[in-house]
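Structure first, then comments.
The values are calculated or read from the model by the stated rules, or taken from the named source; none is laboratory data. Just so you know, these numbers come straight off a predicted model, no measurement behind them. Positions of Cβ are backbone-derived with ideal geometry, glycine not excepted, and every protein chain shown enters the neighbour counts. Note: accessible area is taken over every heavy atom of the protein model, side chains too, but ligands, DNA and RNA are not part of it. Shrake-Rupley method; radii C 1.70, N 1.55, O 1.52, S 1.80 Å.
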Amino acid sequence: AKPRVNAINFLNNMIGGLELGVNGQGSWVKAFAKKVADKVYKILIVNYDTNGKHEEFVPLTLNNLPSGNFTLKRTFFLGNVTTDNIATTSATWSDNLYFAPNSASIIELDFK
């Protein structure tokens, strides 16, 4: 498939749902988030640099979370999928996620 087709297929994973607010985007890092189902959230994060030089550790802080543990699935554009089970009793959770230059990931949180 052509690169454009791969990009469209990747972005199609963000169709539907209720758009949520995102704060703290930087010069190269952009993001948007959606609530796609009851207790399922997705965040698309992109680190785009036309020069391909800027890698980033992106601080991700999630506020007002539903109570209980959740599964965090990270789908890399043209790459792997990682899954972690997160145990928390707090309404806030944070982590730093690495993004190579010109990379993108969809972060999915499932509180089921």
Which pairs turn up if I take residues in the stretch 98-110 that are in contact (Cβ under 8 Å) with a residue 12 or more places away in the chain and under 13 Å from Leu60 (Cβ atoms) and look for partners that are of a type in the set (Ser, Thr, Tyr) and crowded, with 18+ Cβ neighbours inside 10 Å with beta carbon separation below 7 Å, at least 6 apart in sequence or on another chain? Ser105/Thr75; Ile106/Thr75; Leu109/Tyr41
Can you pull out every residue in the stretch 86-95 that is in a strand (DSSP E or B), hydrophobic (A, V, I, L, M, F, W, C) and touching a residue at least 24 places away in the same chain (Cβ under 8 Å)? Trp93
Checking Val22 against (1) open to solvent by 70 Å² or more (accessible area, probe 1.4 Å); (2) out of contact with any Asp or Glu (no Cβ under 9 Å at 6 or more places or on another chain); (3) not acidic (Asp, Glu), which test does it fail? (1)
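Among the residues of the stretch 96-112, how many are assigned to a strand (DSSP E or B), surrounded by 12 or more Cβ atoms within 10 Å (Cβ to Cβ) and either of a type in the set (Ser, Thr, Tyr) or more than 12 Å from the chain's Cα centre (by Cα) (or both)? Before you say what the answer is, go through the steps one by one.
Taking the stretch 96-112 first, the residues assigned to a strand (DSSP E or B) are 96-99, 103-110.
Remaining after also requiring surrounded by 12 or more Cβ atoms within 10 Å (Cβ to Cβ): 97, 99, 103-110.
Filter again for either of a type in the set (Ser, Thr, Tyr) or more than 12 Å from the chain's Cα centre (by Cα) (or both), leaving 103, 105, 110.
Residues that pass the stated criteria total 3.
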Got a number for residues in the stretch 44-85 being open to solvent by 30 Å² or more (accessible area, probe 1.4 Å) and part of a strand (DSSP E or B)? 14
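Could you check the stretch 9-26 and list, in sequence order, the residues that are closer than 20 Å to Asp95 by Cα and either in a loop (DSSP other than H, G, I, E, B) or of a type in the set (Lys, Arg) (or both)?
Taking the stretch 9-26 first, the residues closer than 20 Å to Asp95 by Cα are 20-26.
Matches in the stretch 9-26: Gly21, Val22, Asn23, Gly24, Gln25, Gly26.
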